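Shown next, in structure tokens, is the structure this report addresses.
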Amino acid sequence: MNDFSRAITYLNDPFNWSRPNGIADLALEHIGISAVAVLAAMVVALPIGVALGTARRGAGLVVVLSNVSRAVPTLALLTLFAVSPIGFGNRATTIALAVFAIPPILTNTFVGFRGVDAEVREAARGMGMSRAQVLGRVELPLALPLVTTGIRTAAVQVVATAGLAALVGGGGLGRLINLGFGQQDYGVMIAGAILVAGLALLTELVLATLSWAVTPGPRRLPFLQVRTTPKAAAVPEPTASGVPL
Amino acid sequence: MTSLGARPSLDAVSDPAVGLLAVDEAPNPWFDPSYVTDNWDSILTYTGEHVRLTVLAVVIGAVIALPLALLARRSRYLSAPVLGLSTIVYTIPSLALFALLVPFTGLSSNTVLIGLVAYSLVILVRNFLAGLQGVPADVREAARGMGLSAAQTFWRVDLPLALPAFMAGLRIATVSTVALTTVGVLVGHGGLGQLITGGFAANFYRAEIVTGAVGCVLLALLADVLLAGAERALTPWARAVRS
């Protein structure tokens, strides 16, 4: 418990927050890396997911991609990029994190758009909507809950995993954990752990609220759902429950 | 890809003032079979630790998750806290969780094991609960009408019907636990993750890093194939439907 009280003391010292390379700097770095990684993943995954989902093709590809990404340790990819010609630092970290953010966004976008009822689309076409209107005004609102869940899952995962970059010379709040551990100063380490965990929980909370606010139709809290529909073998599961990393 | 064999080095001709170490010019290939053969013993040791941690974490997780899922199925008032708590647990980053456990369990592999159990538990509870809720209510009612006790209903009705979902959960939990174990390098018990950070610390020795990374992926794939085989063997009735 002594270590925990030291962590609280550390966190209560304003100088630890404001000094150069202090908590504020590291947190901003952490958030910056994560935001760029998630945005990059969205730019790649959303169009592909929409295209595959509306065409109802490529289910096998999406399943394989999400399964393989689960098997590859983030630490391995972070390290591999760091020793590649990209060089270690925030660029390698961002690329590695973006790679891991793609599968959840892609899978959920795919499942969301593919799940739109064919009769609903037909009715929209029959009402004289163009292809773009069907996409934007019918399919998007129906698929939105799953799409936002995918982005939320990816973002929380990225914020959580960004801490690992510190093990291989990267920046962000994970550095406090690594530093505290290296100096046998468990107070600093626990302070870092509290901050990383807090940031991840905050991300979950903010994005859950955000997705709840933008979701049309009946609103439900996103945490408390369990999918009970039996699934066929080749149908990708939306990664609503995610995988901790 | 031609330049990947050698480490990117500073241009010695254009800037002789920058000291160039011999180690920077040494070849640093991505794949090196001689590394694997020379270090086979330590690779096996790390693999053994990796497998031990993964198997223990998934088994303990499953043993805890099943009663929780059975309890959570009983009512919405029980399932909501279980699911809400599990969301919170898996939002906590593994690095942070391991770091928080260090003051209690020290630098032992127990630190890693407890963390891994927490995560596999979270995955398994959700999948077990989904499997149990997928059992049609009228089937359970029929079982009760035939005079089956609660235990009999579980073993002879719930379990066979929910088995595919259970196995899917076990596969996800196992594969992600294999990947997560690498984070145990924080306390020096990361299994094959030790090779990844070990190679990074040893002057970015790529062969060691790649060995650790590939080993992790192969281990995860092997576990997944084994569990898929077990699922096939345990559900002979599903095979007839599929073919």
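In this structure, does B:Thr91 turn out to be closer than 17 Å to A:Glu204 by Cβ and crowded, with 21+ Cβ neighbours inside 10 Å? The answer is yes for B:Thr91. The set of residues in region A:34-68 that are at pLDDT 90 or above and within 14 Å of chain B (Cβ to nearest Cβ) contains only A:Ser34.
One residue alone among A:Ala71, A:Ala124, A:Ala82 is hydrophobic (A, V, I, L, M, F, W, C), within 21 Å of B:Ile123 (Cβ to Cβ) and either out of contact with any strand residue (DSSP E or B) (no Cβ under 6 Å at 6 or more places or on another chain) or within 13 Å of chain B (Cβ to nearest Cβ) (or both), and that residue is A:Ala71.
Within region A:161-208, the set of residues being more than 10 Å from every other protein chain (Cβ to nearest Cβ) and outside any helix (DSSP H, G or I) comprises A:Gly170, A:Gly171, A:Gly172, A:Gln183, A:Gln184, A:Asp185.
Does B:Phe98 qualify as being within 21 Å of the chain's Cα centre (by Cα), farther than 27 Å from A:Gly174 by Cα and among the aromatic types (Phe, Trp, Tyr)? No. Being more than 27 Å from B:Ala26 (Cβ to Cβ), touching a residue at least 24 places away in the same chain (Cβ under 8 Å) and either of a type in the set (Ser, Thr, Tyr) or touching a His at 6+ places or on another chain (Cβ under 6 Å) (or both) is the requirement here; does B:Thr182 meet it? In short, no.
Counting the residues of region B:33-52 that are outside any helix (DSSP H, G or I) and among the acidic types (Asp, Glu) gives 0.
Considering region B:188-243, and only residues there that are at the interface with chain A (Cβ under 9 Å from one of its Cβ atoms), of a type outside the set (Gly, Ala, Ser) and in a loop (DSSP other than H, G, I, E, B), the residue that is nearest to B:Ile172 (Cα to Cα) turns out to be B:Leu192.
Per-residue answers, yes or no, for (1) more than 8 Å from chain A (Cβ to nearest Cβ); (2) touching a strand residue (DSSP E or B) at 6+ places or on another chain (Cβ under 6 Å); (3) free of Cβ contacts under 8 Å to residues at least 12 places away in the same chain:
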residue: B:Leu78; (1), (2), (3): yes, no, yes
residue: B:Pro81; (1), (2), (3): yes, no, yes
residue: B:Gly84; (1), (2), (3): no, no, yes
residue: B:Pro93; (1), (2), (3): no, no, yes
residue: B:Ala96; (1), (2), (3): no, no, yes
residue: B:Ser109; (1), (2), (3): yes, no, no
residue: B:Ser120; (1), (2), (3): yes, no, no
residue: B:Gly134; (1), (2), (3): no, no, no
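Residue-wise test of (1) over 20 Å from A:Ile48 (Cβ atoms); (2) surrounded by fewer than 24 Cβ atoms within 10 Å (Cβ to Cβ); (3) within 14 Å of chain B (Cβ to nearest Cβ); (4) touching a strand residue (DSSP E or B) at 6+ places or on another chain (Cβ under 9 Å).
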site	(1), (2), (3), (4)
A:Leu78	yes, no, yes, no
A:Gly87	yes, yes, yes, no
A:Ala92	yes, no, yes, no
A:Ile95	no, yes, no, no
A:Ala98	no, yes, no, no
A:Ala101	no, no, no, no
A:Asn108	no, no, no, no
A:Gly115	no, yes, no, no
A:Val120	yes, yes, no, no
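So, B:Ile88, is that one under 30 Å from A:Ile190 (Cβ atoms), part of a helix (DSSP H, G or I) and either aromatic (Phe, Trp, Tyr) or within 10 Å of chain A (Cβ to nearest Cβ) (or both) or not? Considered against the rule, which asks whether it is under 30 Å from A:Ile190 (Cβ atoms), part of a helix (DSSP H, G or I) and either aromatic (Phe, Trp, Tyr) or within 10 Å of chain A (Cβ to nearest Cβ) (or both), B:Ile88 comes out as yes. Quick check: anything in region B:178-187 more than 10 Å from chain A (Cβ to nearest Cβ) and either of a type in the set (A, V, I, L, M, F, W, C) or exposed (fewer than 14 other Cβ atoms within 10 Å of the Cβ) (or both)? For region B:178-187, residues more than 10 Å from chain A (Cβ to nearest Cβ) and either of a type in the set (A, V, I, L, M, F, W, C) or exposed (fewer than 14 other Cβ atoms within 10 Å of the Cβ) (or both): absent.
The values are calculated or read from the model by the stated rules, or taken from the named source; none is laboratory data. This is a predicted model, so every value here is computed, not measured. Reconstructed Cβ throughout: ideal geometry from the backbone, glycine too, with neighbour counts over all protein chains shown.
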